[in-house]
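Peer 1: Please read through the structure below; I'll follow up with questions.
The values are calculated or read from the model by the stated rules, or taken from the named source; none is laboratory data. Bear in mind that the values here come from a model prediction, so they are computed numbers and not experimental data. Quick reminder, even Gly has a Cβ in these numbers, built from the backbone with ideal geometry, and neighbours come from all protein chains shown.
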Amino acid sequence: MTVDTVGRFERALEGLEVGFERVPAADASERIATIVEEPAVGAPLPFEGVTLPESVTTEPTSADLEAARTGVTPAGFAIAEYGTVAVESTADGAEAISLYSDRHVAVVAESDVVPDLSAGFDRLADGFAAGQDSVVFATGRSATADMGDLVHGVHGPGDVDVIVVEDR
Amino acid sequence: MAQRTHSQQADHIRHLLETEGDAVHAKASSFHAQRGEAYDAADDLEALRTEARSIKEDAIDRLPDLIDTVRDAVEANGGTVYVADDAADANAYVADVVDTQTEEHGITGDGDTPSVVKSKSMTTEEIDLNDALEAAGIEVTETDLGEWVLQVADDTPSHIVGPAMHLERAEIAELFNERFDPDEPLETAEELTQFARDYLADHIQEADVGITGANFVVADSGTITLVTNEGNARKCAVTPDTHVAIAGVEKLIPRLSDLEPFVDLIAKSATGQSIAQYVTMLSPPTDSPTLEFDRPDEPITAGDDGAANTEPADRDFHLVLLDNGRMDMREDDQLRETLYCIRCGACSNSCVNFQSVGGHGFGGETYSGGIATGWEAGVHGQDSAAEFNDLCTGCSRCVDACPVKIDIPWINTVVRDRINRNEDPAATDFLVDGLTPDMEDGGIDLGKRFFGNIGTVAKAASATAPVSNWLADADPIRGLLERTLGIDRRRDLPAFQRESLVDWFEKRGGKAASSRRAARADDADIDREVVLYPDVYTNYVDTERGKAAVRTLEALGIPVRVPDLPESGRAALSQGMVATADRQASRLYAALAEDLDAGRDVVVVEPSDLAAMHREYEQLLPERSFERLRDNSYEICEYVYGLLENGANPSALSTGDGAEPIAYHSHCQQRTLDLEAPTVAVLERCGYTPDTSSAECCGMAGSFGYKREYYELSVDVGERLAEQVAGAKTVVASGTSCGDQLEGLLERDVPHPIELLEPSSRL
């Protein structure tokens with residue numbers, strides 16, 4: 001992992017019109033709090049020293065999920081080349097939380113940003129070997145051109161932000 | 001389905017050109033352009049395509065083993081695999097899953113009708129799953145916006161990736177406003193999308209079963225991969241507690257690592273995106289909690305008892321692998337390649353005929369575009385392929401687009417051949433029998449036999465020219481030609497020359513005289529000798545470009561021979577007459593063998609004949625013969641480029657003033673051979689500033705544009721090209737067809753580039 005990789009990730013996200021923030025672990029919770037629009041739901045973040053702000057409901061009910069403006073989830077890793085975050089299908093509901101809200105905020109450790117798709121597949125293979133064998137590569141915002149013009153936010157989120165935790 | 005007559009087909013195509021052509025062209029041509037950019041931007045594209053193809057070859061080769069492997073993997077994960085023999089088998093299984101699920105768990109949502117939500121799946125279109133489920137009392141809702149529009153409109157997909165591509169926004173708005181009568185009429189794409197999202201969200205939340213397709217299935221981990229942009233497939237898979245994935249058996253690939261090149265390629269080839277929005281890799285049943293929207297106050301992570309769940313989610317997963325003819329395709333040496341298809345639609349988007357009529361014209365019962373001929377012949381039978389197979393003109397532009405390098409034109413040629421052989425012998429076969437020394441059994445369409453034997457026709461017409469030309473142009477004869485051979489009377493017929501190129505060459509002294517002329521040229525120490533191939537058109541119709549080629553080569557110091565050589569088989573191939581083409585390829589190779597042994601270079605003026613030698617002959621000749629001819633044959637301007645690069649002096653040629661602008665349309669098959677660039681380079685070396693067309697094909701495609709049922713389509717395609725080049729003072733084109741089409745539309749001469757270059761002092 002090099003600074004160049006994060007730079008490449010940032011440029012890819014910029015091309016996808018996805019928000020990008022790079023913050024130290026100590027500031028992450030506060031930064032998330034400023035980004036989320038309430039009501040917000042989330043899956044617990046596994047990064048040491050990073051917790052979800054109080055405004056984010058974990059273990060949401062299906063009513064919470066349906067009403068949520070924002071869903072915050074961790075990403076197992078990210079692929080700089082394409083601006084992709086890997087959201088894992090875990091029992092805490094990360095997949096549904098990242099999908100049902102209007103805005104998805106993905107939080108990823110800087111050490112988990114890999115340069116390209118090949119490196120992403122290496123990480124995917126490691127996860128499969130460890131039993132994490134259901135993963136979504138999410139790149140940018142949900143989109144369709146089926147109604148005659150490109151529209152974002154169809155079944156999935158129309159806004160996406162990625163927060164890179166620089167010291168994790 | 002009974003095949004349409006020529007005039008029914010003409011009406012059908014005219015209707016599509018008027019109603020759907022504009023919408024399809026706008027989107028398909030834009031996808032095509034974006035795919036080109038994405039391919040150009042990827043530095044390892046060719047390696048990816050090669051790798052993807054080899055994975056598919058291997059996977060199809062050991063498909064029975066992979067089915068066993070995936071069964072073990074899915075069952076180990078806690079799911080079920082069902083291999084369905086055919087559509088009825090698959091549909092009955094899915095209906096049974098829905099029944100069992102609703103009997104055990106009750107019906108989700110209001111009402112007492114079981115319901116399913118679906119994400120886009122051409123495979124379920126193939127088996128008419130929706131009709132079968134509805135007949136079983138199950139409510140079906142499509143959630144891909146395009147598919148849902150079609151469901152509301154009771155319409156069918158016109159493109160394998162963009163199913164509602166043929167509809168304009170205004171048409172969708174009108175449909176929704178009429179059907180749903182919203183408080184405020186819907187108008188913009190945003191409004192329509194928001195309305196659909198809200199409507200479909202309710203259905204997804206209340207569904208008993210979610211049905212998806214699968215783009216790829218990883219056998220050894222039981223992982224299905226869904227590639228989408230909207231996110232509906234994720235919702236269908238994750239929301240209801242039962243998920244059924246339906247995939248053709250050919251979607252199996254061995255290992256997770258095999259998935260990588262496909263994930264990298266599929267969005268690039270489909271829409272020009274570097275990667276799709278969502279590449280979902282699920283090894284179900286997954287750990288994601290099911291979503292019970294009818295119990296809104298319970299945490300989604302809770303178990304059935306309301307307490308926080310520590311057990312895996314209670315999910316049910318069924319993978320239905322569909323055969324429906326695929327295992328037979330696997331045994332068919334000509335159709336097997338079709339199974340490598342990843343359904344990206346790049347062949348449709350690259351195809352000028354598809355761009356003009358869309359999949360409702362260029363498609364069968366389910367599939368559309370060039371590869372559809374293979375799919376329809378394999379899963380629905382040859383009759384379905386026969387409906388549209390003629391629309392593939394063999395232009396071959398899809399060959400560069402296909403991410404797994406399928407020879408789509410060859411599949412179309414082979415299926416056309418099989419269709420020809422199944423047709424009943426017509427009572428009027430005698431009309432063309434005398435003119436058609438082919439290897440075909442009776443029964444093939446008369447027009448096809450006529451065009452497939454054009455060399456013999458041309459020889460006879462040349463021998464009797466100009467009388468044959470006057471006769472052919474007479475009104476009663478045009479009527480007869482239209483009725484019997486399907487030649488549209490609006491099309492100018494080629495004028496045959498009384499003196500063929502071969503005769504002209506002999507009359508001016510043959511190879512001895514050519515050697516003397518070449519020796520008088522500047523000596524660049526290039527010790528080569530050329531056999532100029534007198535293709536049918538260059539020999540009998542457009543002899544001037546042949547003469548220009550001879551004079552140009554001589555002026556550059558190269559002695560030329562123009563022997564009377566057999567046809568290449570191109571004409572026969574275009575009509576699906578493979579046996580005839582096979583015999584012609586053998587004869588031509590035999591006739592050239594001595595020249596090849598003597599180290600002479602074979603130079604070809606007509607790109608389509610060179611393309612036969614460089615592409616189709618691989619199927620027709622022994623490998624060594626094919627490679628020997630391919631490696632020693634050249635397109636005329638490519639050859640001139642080589643001579644100039646090796647020191648030949650261009651001052652012997654006609655040169656422009658250094659910046660004379662000209663419009664140049666390369667030939668479609670020439671582009672696929674990567675031979676547009678040499679012509680451009682030669683023109684630039686000789687003082688011209690060529691502006692190349694971006695149109696992939698002129699639409700004439702040999703005989704295609706002459707046929708009554710395709711004349712209007714051919715002109716529609718040709719006009720796009722004509723508009724691009726009309727402003728230039730000089731327009732040149734490499735192919736006979738391209739020249740004919742442009743001359744007809746622009747009403748002026750469109751010569752071959754070699755005619756611009758030939759020395760001004762004509763000998």
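Peer 1: Residue by residue through the range A:106-120, note down the ones that are within 11 Å of chain B (Cβ to nearest Cβ) and over 27 Å from residue A:152 (Cβ atoms). Lay out the reasoning, then the answer.
Peer 2: Filtering the range A:106-120 down to residues within 11 Å of chain B (Cβ to nearest Cβ) leaves A:116-120.
Across the range A:106-120, the qualifying residues are A:118, A:119.
Peer 1: Please note which helices (runs of 4 or more DSSP H) are completely contained in the range B:647-763 and include at least 1 residues that are of a type in the set (Gly, Ala, Ser) and under 24 Å from the mean Cα position of the chain (by Cα).
Peer 2: Result: B:676-685, B:711-725, B:736-746.
Peer 1: Select from the range B:421-454 the residues that are modelled with pLDDT of 70 or more, surrounded by 17 or more Cβ atoms within 10 Å (Cβ to Cβ) and assigned to a loop (DSSP other than H, G, I, E, B) and list them in ascending order.
Peer 2: Across the range B:421-454, the qualifying residues are B:438, B:440, B:444, B:445, B:453.
Peer 1: Taking the range B:674-688, which residues are of a type outside the set (D, E, K, R), surrounded by fewer than 22 Cβ atoms within 10 Å (Cβ to Cβ) and in contact with a Leu (Cβ under 9 Å, 6 or more places away or on another chain)?
Peer 2: Correct list: B:681, B:686.
Peer 1: Moving on to the next point. Let me spell it out: the conditions are (1) at the interface with chain B (Cβ under 9 Å from one of its Cβ atoms); (2) modelled with pLDDT under 95; (3) over 13 Å from the mean Cα position of the chain (by Cα), and residue A:130 meets all of them except one. Which number is the exception?
Peer 2: Failed condition: (1).
Peer 1: Sort out which residues of the range B:192-203 are surrounded by fewer than 24 Cβ atoms within 10 Å (Cβ to Cβ) and either out of contact with any Pro (no Cβ under 9 Å at 6 or more places or on another chain) or within 8 Å of another protein chain (Cβ to nearest Cβ) (or both), and write them in order of number.
Peer 2: Listed by number, the residues that qualify are B:194, B:197, B:198, B:199, B:200, B:201, B:202, B:203.
Peer 1: Within the range A:75-94, is there a residue that is within 19 Å of residue A:167 (Cα to Cα) and among the β-branched types (Val, Ile, Thr)?
Peer 2: Yes, the range A:75-94 has at least one match.
Peer 1: Here's another thing I want to ask about it. Would you confirm, using the coordinates I've provided, whether residue A:160 is aliphatic (A, V, I, L, M), assigned to a strand (DSSP E or B) and at the interface with chain B (Cβ under 7 Å from one of its Cβ atoms)?
Peer 2: Working: aliphatic (A, V, I, L, M): yes; assigned to a strand (DSSP E or B): yes; at the interface with chain B (Cβ under 7 Å from one of its Cβ atoms): no.
Criteria not met by residue A:160.
Peer 1: Let me ask something else about it. One residue is enough: does the range A:96-117 have a residue meeting the conditions out of contact with any helix residue (DSSP H, G or I) (no Cβ under 6 Å at 6 or more places or on another chain) and within 14 Å of residue B:281 (Cα to Cα)?
Peer 2: No: the range A:96-117 contains no residue that is out of contact with any helix residue (DSSP H, G or I) (no Cβ under 6 Å at 6 or more places or on another chain) and within 14 Å of residue B:281 (Cα to Cα).
Peer 1: Now a separate question. Restricting attention to the range A:86-105, which residues are more than 11 Å from chain B (Cβ to nearest Cβ), buried (at least 24 other Cβ atoms within 10 Å of the Cβ) and not in a loop (DSSP other than H, G, I, E, B)?
Peer 2: Answer for the range A:86-105, where residues must be more than 11 Å from chain B (Cβ to nearest Cβ), buried (at least 24 other Cβ atoms within 10 Å of the Cβ) and not in a loop (DSSP other than H, G, I, E, B): just A:105.
Peer 1: Being more than 26 Å from the chain's Cα centre (by Cα) and charged (D, E, K, R) is the filter here; which residues of the range B:588-637 pass it?
Peer 2: The answer is B:594, B:595, B:597, B:600, B:601, B:624, B:628, B:631.
Peer 1: When the range B:249-275 is examined, which residues are found to be of a type in the set (Asp, Glu) and more than 9 Å from every other protein chain (Cβ to nearest Cβ)?
Peer 2: B:250, B:258
Peer 1: If you don't mind, there's one more thing I want to ask. Among the residues of the range B:375-406 satisfying the criterion of being outside any helix (DSSP H, G or I), at negative phi and over 10 Å from the mean Cα position of the chain (by Cα), which is modelled with the lowest pLDDT? Walk me through it before giving the result.
Peer 2: Taking the range B:375-406 first, the residues outside any helix (DSSP H, G or I) are B:380-381, B:387-388, B:392-396, B:402-406.
In the following step, the residues that additionally are at negative phi were identified as B:380, B:387-388, B:392-393, B:395, B:402-404, B:406.
Pick out the ones that are also over 10 Å from the mean Cα position of the chain (by Cα) and you get B:380, B:387-388, B:403-404.
On the way: B:380: 96, B:387: 89, B:388: 92, B:403: 98, B:404: 98.
Among residues in the range B:375-406 that are outside any helix (DSSP H, G or I), at negative phi and over 10 Å from the mean Cα position of the chain (by Cα), the one modelled with the lowest pLDDT is B:387.
Peer 1: While we're looking at this one, here's another question. Which residues, taken from the range A:63-85, are more than 9 Å from chain B (Cβ to nearest Cβ) and of a type in the set (Ser, Thr, Tyr)?
Peer 2: Step one: of the range A:63-85, the residues more than 9 Å from chain B (Cβ to nearest Cβ) are A:67-78, A:80, A:85.
Selection gives A:70, A:73.
Peer 1: Hey, can you tell me all the residues within the range B:95-111 that are acidic (Asp, Glu) and surrounded by 15 or more Cβ atoms within 10 Å (Cβ to Cβ)?
Peer 2: Kept after step one, since they are acidic (Asp, Glu), are these residues of the range B:95-111: B:96, B:99, B:103-104, B:110.
Passing the criteria: only B:99.
Peer 1: Name the residue that is nearest to residue B:400 (Cα to Cα), counting only residues in the range B:11-51 that are outside any helix (DSSP H, G or I) and in contact (Cβ under 8 Å) with a residue 40 or more places away in the chain.
Peer 2: By that ranking, first place goes to B:42.
Peer 1: Does residue A:34 satisfy being away from chain B (no Cβ under 14 Å) and out of contact with any strand residue (DSSP E or B) (no Cβ under 9 Å at 6 or more places or on another chain)?
Peer 2: Considered against the rule, which asks whether it is away from chain B (no Cβ under 14 Å) and out of contact with any strand residue (DSSP E or B) (no Cβ under 9 Å at 6 or more places or on another chain), residue A:34 comes out as yes.
Rundown of residues vs (1) modelled with pLDDT of 95 or more; (2) under 24 Å from residue B:67 (Cα atoms), yes/no style:
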position	(1), (2)
B:85	yes, yes
B:103	no, no
B:127	yes, yes
B:130	yes, no
B:142	yes, no
B:174	yes, no
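Peer 1: Being hydrophobic (A, V, I, L, M, F, W, C) and free of Cβ contacts under 8 Å to residues at least 40 places away in the same chain, is that true of even one residue in the range B:728-744? Step through it out loud before you land on a result.
Peer 2: So in the range B:728-744, the residues hydrophobic (A, V, I, L, M, F, W, C) come out as B:728, B:731-733, B:738, B:742.
With the extra rule that they be free of Cβ contacts under 8 Å to residues at least 40 places away in the same chain, the set shrinks to none.
Looking through the range B:728-744, none of the residues is hydrophobic (A, V, I, L, M, F, W, C) and free of Cβ contacts under 8 Å to residues at least 40 places away in the same chain.
Peer 1: Same structure again: Restricting to the range B:109-152, and then to whatever is within 13 Å of chain A (Cβ to nearest Cβ) and either over 34 Å from the mean Cα position of the chain (by Cα) or β-branched (Val, Ile, Thr) (or both), can you tell me which residue is nearest to residue A:149 (Cα to Cα)?
Peer 2: Among those residues, the one meeting the criterion is B:149.
Peer 1: Sticking with this structure for a sec: Looking at this structure, is residue B:495 surrounded by fewer than 20 Cβ atoms within 10 Å (Cβ to Cβ) and either of a type in the set (D, E, K, R) or not in a loop (DSSP other than H, G, I, E, B) (or both)?
Peer 2: no
Peer 1: Could you please let me know if residue B:133 is touching a residue at least 60 places away in the same chain (Cβ under 8 Å) and assigned by TED's automatic domain parsing to the domain that holds residue B:270? Walk me through it before giving the result.
Peer 2: Numbers: touching a residue at least 60 places away in the same chain (Cβ under 8 Å): no; assigned by TED's automatic domain parsing to the domain that holds residue B:270: yes.
No; evaluated as a whole, the condition is false for this residue.
Peer 1: Of the conditions (1) surrounded by fewer than 24 Cβ atoms within 10 Å (Cβ to Cβ); (2) touching a helix residue (DSSP H, G or I) at 6+ places or on another chain (Cβ under 8 Å); (3) part of a helix (DSSP H, G or I), residue B:557 clears all except one; give me its number.
Peer 2: Of the numbered conditions (1) surrounded by fewer than 24 Cβ atoms within 10 Å (Cβ to Cβ); (2) touching a helix residue (DSSP H, G or I) at 6+ places or on another chain (Cβ under 8 Å); (3) part of a helix (DSSP H, G or I), the odd one out for residue B:557 is (3).
Peer 1: Still on this structure: Among the listed residues B:625, B:666, B:633, which satisfies the condition of being more than 26 Å from residue B:557 (Cβ to Cβ), of a type in the set (S, T, N, Q) and modelled with pLDDT of 95 or more?
Peer 2: Only one candidate qualifies: B:625.
Peer 1: Within the range A:144-157, restricting attention to residues that are crowded, with 24+ Cβ neighbours inside 10 Å, closer than 16 Å to residue A:16 by Cβ and of a type outside the set (S, T, N, Q), which residue is farthest from the other protein chains (Cβ to nearest Cβ)?
Peer 2: Top of the filtered list is A:157.
Peer 1: Of everything in the range B:689-718, what is among the hydroxyl-bearing types (Ser, Thr, Tyr), touching a residue at least 60 places away in the same chain (Cβ under 8 Å) and crowded, with 24+ Cβ neighbours inside 10 Å? Give them in sequence order.
Peer 2: Of everything in the range B:689-718, those that are among the hydroxyl-bearing types (Ser, Thr, Tyr), touching a residue at least 60 places away in the same chain (Cβ under 8 Å) and crowded, with 24+ Cβ neighbours inside 10 Å turn out to be B:706, B:710.
Peer 1: To continue, here is another question. Answer yes or no: is there a residue in the range A:55-75 that is over 21 Å from residue B:234 (Cα atoms), in contact (Cβ under 8 Å) with a residue 60 or more places away in the chain and buried (at least 19 other Cβ atoms within 10 Å of the Cβ).
Peer 2: no
Peer 1: Select, from B:99, B:131, B:112, the only residue that is under 21 Å from residue B:319 (Cβ atoms) and among the acidic types (Asp, Glu).
Peer 2: The unique qualifying residue is B:99.
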